[in-house]
Amino acid sequence: MRILKTIILIFKICLFGNISSADTISWSEVLDQPNFNVIFLRHALAPGYGDPSEFDISDCKTQRNLNQEGRDQAISIGKGLKWRGFVR
């Protein structure tokens, strides 16, 4: 039941996060609630599919890294998180 409530809250935040009304949960209220401080984000744009054949988890040069567009996306995501108060 707790997981379902969490999923519903995340859905509401994603769907209605930019709408102001008396019923809207503010980002600061979400941040102050225990167990609701998780953002799941894999990564920004990294061209290609899957892991390269020479992939080595301990060697970043063998991994699919962000291209310039991906780096720009990551910066934009960081600014958005900071603006919304997730980064203090």
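The values are calculated or read from the model by the stated rules, or taken from the named source; none is laboratory data. Bear in mind the structure is a predicted one, so any value in this text is a computation, not a measurement. With ideal geometry, Cβ positions are generated from the backbone for all residues, glycine too; neighbour counts draw on all protein chains shown.
Points to keep in mind about this one:
- Given (1) touching a residue at least 12 places away in the same chain (Cβ under 8 Å); (2) closer than 18 Å to TRP27 by Cα; (3) under 12 Å from the mean Cα position of the chain (by Cα), index of the condition GLN73 fails: (2)
- Matching residues in segment 55-88 - criterion: being part of a loop (DSSP other than H, G, I, E, B), aliphatic (A, V, I, L, M) and either at pLDDT 85 or above or under 15 Å from ARG42 (Cα atoms) (or both): LEU66
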